[in-house]
1. With 10 angstrom as the radius, rank ILE6, ILE47, ILE15 by how many other C-beta atoms surround their C-beta, starting from the fewest.
2. Give me SER141, SER112 ranked fewest to most by other Cβ atoms within 10 Å of their Cβ, as a rough exposure proxy.
3. Hey, with R₀ at 35 Å, roughly what FRET efficiency would ASN58 and LYS192 work out to, going by the Cβ-Cβ distance, to 0.05?
4. Loop-only trypsin sites (Lys or Arg not before Pro) in the range 1-70, please: DSSP not H, G, I, E or B, and at most 10 other Cβ atoms within 10 Å.
5. Would you mind classifying the chain by shape? Square roots of the alpha carbon gyration tensor eigenvalues, ordered a ≥ b ≥ c; an a/c under 1.5 is rounded, otherwise it is prolate if a/b is larger than b/c and oblate if not.
6. Count neighbours as other Cβ atoms within 10 Å of each site's Cβ, and list the GluC sites (Glu not before Pro) in the range 1-84 that are DSSP loop with at most 15 such neighbours.
7. Please give me the summed charge of the neighbours of TYR104: other residues whose Cβ is under 13 Å from its Cβ, Lys and Arg +1, Asp and Glu -1.
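No value in this document is a laboratory result; all are computed from the given coordinates. Computed from a predicted model, the values in this text were never measured in an experiment. Methodologically, a virtual Cβ is constructed for each residue, glycine included, from the backbone with ideal geometry; neighbour enumeration extends over all protein chains shown.
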Amino acid sequence: MVKAPITPIIVGTAIDWLEVNIKPSWKVFEWGSGFSTIYWSQRVKEIISVEHNIAWRNRLTSLLKKQSGLENYIMYLIPPDDLFLKQAMTNAVASKLSEDPTKYISKHFLTSNFENYVKKIDSYPDEYFDLVFVDGRARSSCIKHALPKIRKGGYLILDNADDVARPYYIMAKQLVKRWNHIEFYGPGLIRKNKWTTTIWTKPYDN
């Protein structure tokens, strides 16, 4: 049996980009823990990871402990809160709200509020991170809060970024419309279906 590679589950050519550009001195923040957490911890100075699912966090913690010498990661468990008005909110309304970066709602968790989860990055100084990886919940809100925390010349990565499959990220993408970006489309190293991973570079005059 061939072991799955320990990489972020993103488009394979985006991983190729990382292998060329990533630096050992980098500080990385990610929403959505996983193989990516192990990948970053093996390659960068510091990785801060935020996860909402306790069972997955516990499983990943066990995997990380098996990786010899990895002590450069912090993983925060921040479950969502219930929406105060969830009984009065239809799925259609909640789905629309998930497009709004100020609402902290995830498309697939329409009765949950991810404000505390998203705002964990606010506890770090502006321009602290070299790269922020958005692959968790309430991604539109994550993008909004990530922008001031990325250094000039640093990077923002959004997985599942194509507008047709996930149009609810379009509003958040307007926040980085002045940033240069590369769209990687194709299969991953583990999943063979095709999708889009986008990497933006923060301009120096931002």
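1. ILE6, ILE15, ILE47
2. Values: SER141 26, SER112 20.
Least to most surrounded, the residues fall as SER112, SER141.
3. Result of the calculation: an efficiency of 0.75.
4. Passing both the DSSP loop test and the Cβ count: LYS3, LYS66.
5. Here the chain falls in the rounded category.
6. In loop regions of the range 1-84 (DSSP not H, G, I, E or B), the sparsely surrounded GluC sites (Glu not before Pro) are GLU71.
7. Cβ neighbours under 13 Å give a net charge of +1.
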